[in-house]
Amino acid sequence: MRVLVTGMGGEIGTRVAQLLEAREDVTEIVGVDFVPPRRRMQRAEFARIDPRNREKLVAFVTDFAPTAVAHVGVYEPHSRMSPRAARESTEACTIAALGAAARTGKLDRIAVRSGLEVYGRGRPRPSVPDENTPPSPTSPYGRECLDVEVVATGIGRRADIPVAALRHAPVVGSHVPSPLGRLLRLPVVPVPAFADPPFALLSLEDSARSFVEALCRGIDGPLNVVGSGAATSWQATRLGGRIPFPVFGPGWTAATHAAELAGAPVPPHVIELMRHGRVADGSKALDVLGLTGVRPTQQVCVDLFEWAVIVPLRRNEAAA
Amino acid sequence: MTRVPVFKDPGPPDEPDDVDTIGSGASLASAVKNRVDGLYPIDPFGGDPQIQDLLAPLVQLGVRAHVTHPELLPASGPAVLVSNRGLGVVEPVVLAVAVREAVGRRLRVLGAPEIPLLGDAARRLGGIGYHHEDLAAVLRAGHLVAVPLGNTWLRTGAGEPPVSLIVAALGFPVIPVLVRPAGPFGVPWLGRWNVTVGPAVVPDAEVALDDPLSAAELAELARAGVQALIDAPAPTA
């Protein structure tokens with residue numbers, strides 16, 4: 001299996017590449033992103049290409065001719081770039097990389113990163129959607145994720161190959177750039193005054209594992225990948241020893257501006273999560289991907305505030 | 001500093017995944033400290049088992065449920081309790097008390113209102129959204145869930161079954177339950193209620209999952225099961 005990892009410069013992409021390196025059925029790993037990987041790679045190769053530079057990206061992917069694509073290059077607004085740059089990069093990366101890979105004719109499987117944001121929030125929607133729930137995003141990032149799924153599914157249908165759309169719960173961790181993580185780590189965190197809805201989180205490791213399993217098993221269709229259990233906004237704030245600040249109505253606009261001044265710009269989908277919660281039924285993914293020991297949501301939340309074990313300096317045992 | 005939250009109460013050893021089983025409580029001081037520190041379990045449906053266990057004794061002061069055939073309630077694993085509903089709000093509470101006393105499990109109730117404060121409180125206490133996805137998810141997670149029939153207002157009767165939701169219950173045990181006041185003239189005198197559990201509904205034909213026809217048949221069977229309990233002679237309390 002020759003795997004192309006888009007978005008290898010991110011935490012998830014880097015970890016996906018590391019996990020792929022440890023597998024013997026993966027012969028070659030090549031990654032692209034606008035920044036270099038976050039860890040030392042053993043045998044994966046990296047090319048620094050800004051996804052918005054389509055010609056360069058298409059030429060590179062066509063030259064490599066991957067048999068599998070781990071499309072991690074779905075950029076969350078305010079995670080590592082501005083909302084506009086994130087949307088443009090995601091769109092360009094999806095169409096250029098997946099399209100070029102499919103045109104080579106060698107491609108036989110795709111796994112794309114998506115998010116629970118595709119389900120949206122509001123009255124007529126179920127609070128715990130499963131994969132059969134029709135997506136109807138209500139935030140820019142949700143629409144971005146759904147666009148990626150639609151493009152990838154279309155490419156998969158035309159080439160007749162399996163496409164796994166991994167709808168991840170928000171991935172947070174002490175060293176993972178994430179707008180939600182930054183917001184929860186402010187000394188004072190805005191929380192809904194008249195509600196306390198539950199949301200699910202996912203650990204970086206489980207996110208990367210789901211990618212590798214979905215690719216190696218050739219899964220087709222969407223999968224909700226979430227940590228077990230849930231946490232609420234008030235609870236998450238207290239788990240980190242932060243002070244919850246009740247906010248309602250127009251106060252959220254003020255809170256968003258205040259958070260941005262404090263160094264944590266908050267995109268709409270994070271406000272949506274804080275106000276309306278975001279959970280999904282992830283039982284199918286556990287079954288299909290054979291994931292065991294998925295880190296529970298509250299544990300992921302506690303990990304977000306832990307500082308002692310930020311960077312694993314030890315190389316993994318397989319390489320040593 | 002290692003702070004590991006408690007994610008769920010320890011169930012009986014043979015059913016480690018049964019999240020509804022009521023476990024042993026901690027001391028009051030540590031419980032209050034853990035609440036302040038955010039160290040308490042919350043499930044994806046918004047349920048808060050600690051709050052439920054805290055409020056249960058208070059509710060039990062006001063509601064006395066006499067359960068007939070408690071042995072028909074499952075002690076573990078997912079199941080649907082289809083119950084009648086006269087006024088709407090009280091019957092699910094009575095049923096929750098009955099289930100708690102009979103088999104020591106927490107009950108989930110379908111149909112949390114979509115109202116800001118009230119809906120959130122209802123979810124805390126075990127309510128789930130009125131959607132077939134939510135019902136399917138709660139059953140897959142192994143909960144015991146009450147699906148009330150339609151309101152019959154002050155009459156005792158079996159109301160309309162929620163056919164569009166029952167599709168999620170296909171393949172799970174469906175148990176009809178009758179809840180009615182125990183006092184004279186159909187009044188819950190001194191908070192006394194009779195809860196009668198019927199035998200689990202068995203579909204005639206092989207049910208196909210996600211099949212609307214099978215769902216409609218199952219819903220009708222469940223409604224008939226509740227009606228049969230109503231028509232049966234009242235138990236001597």
inquiry  = Which condition from (1) of a type in the set (D, E, K, R); (2) at pLDDT below 85; (3) open to solvent by 40 Å² or more (accessible area, probe 1.4 Å) is the one that B:Asp18 breaks?
reply    = (3)
message = Given the criteria modelled with pLDDT under 90 and either surrounded by fewer than 22 Cβ atoms within 10 Å (Cβ to Cβ) or within 14 Å of chain A (Cβ to nearest Cβ) (or both), does B:Gly88 qualify?
response = yes
key: Pair list, Cβ under 6 Å, 6 or more apart: region B:21-46 residue more than 13 Å from chain A (Cβ to nearest Cβ) and modelled with pLDDT of 75 or more, other residue open to solvent by less than 30 Å² (accessible area, probe 1.4 Å) and assigned to a helix (DSSP H, G or I)   = none
key: Only one of A:Thr27, A:Thr62, A:Thr6 that is in contact with a strand residue (DSSP E or B) (Cβ under 7 Å, 6 or more places away or on another chain) and open to solvent by 10 Å² or more (accessible area, probe 1.4 Å)   = A:Thr27
ask   = Any chance region B:113-128 includes a residue that's buried (at least 21 other Cβ atoms within 10 Å of the Cβ), part of a loop (DSSP other than H, G, I, E, B) and more than 9 Å from every other protein chain (Cβ to nearest Cβ)?
value = yes
ask   = Within the group B:Trp189, B:Trp193, which residue is surrounded by 22 or more Cβ atoms within 10 Å (Cβ to Cβ) and aromatic (Phe, Trp, Tyr)?
value = B:Trp193
All helices (runs of 4 or more DSSP H) inside region A:177-248 with 3 or more residues being open to solvent by 40 Å² or more (accessible area, probe 1.4 Å) = A:204-217
request  = Run A:Gly105 past the list (1) assigned to a strand (DSSP E or B); (2) more than 17 Å from A:Leu146 (Cα to Cα); (3) not aromatic (Phe, Trp, Tyr) and report the number of the one that doesn't hold.
outcome  = (1)
task = Collect the residues in region B:134-185 that are assigned to a helix (DSSP H, G or I) and buried (at least 23 other Cβ atoms within 10 Å of the Cβ), keeping them in residue-number order.
result = B:Asp134, B:Leu135, B:Ala136, B:Ala137, B:Val138, B:Ile166, B:Ala168, B:Ala169
request  = Check region A:262-279 and report whether any residue there is open to solvent by less than 10 Å² (accessible area, probe 1.4 Å) and facing another protein chain (nearest Cβ under 9 Å).
outcome  = yes
ask   = Which condition breaks for B:Ala216 when tested against (1) part of a helix (DSSP H, G or I); (2) open to solvent by less than 50 Å² (accessible area, probe 1.4 Å); (3) touching a strand residue (DSSP E or B) at 6+ places or on another chain (Cβ under 8 Å)?
value = (3)
remark   = Taking region A:78-116 and keeping residues open to solvent by 10 Å² or more (accessible area, probe 1.4 Å) and within 17 Å of the chain's Cα centre (by Cα) leaves A:His78, A:Ser79, A:Arg80, A:Met81, A:Ser82, A:Pro83, A:Ala85, A:Arg87, A:Glu88, A:Glu91, A:Arg113
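The values are calculated or read from the model by the stated rules, or taken from the named source; none is laboratory data. Everything numeric here is computed off the predicted structure, so don't read it as measured data. Backbone-built Cβ (ideal geometry, glycine too); neighbour counts: all protein chains shown. Keep in mind that these areas ignore ligands, DNA and RNA; they rest on the heavy atoms of the full protein, side chains included. Shrake-Rupley method; radii C 1.70, N 1.55, O 1.52, S 1.80 Å.
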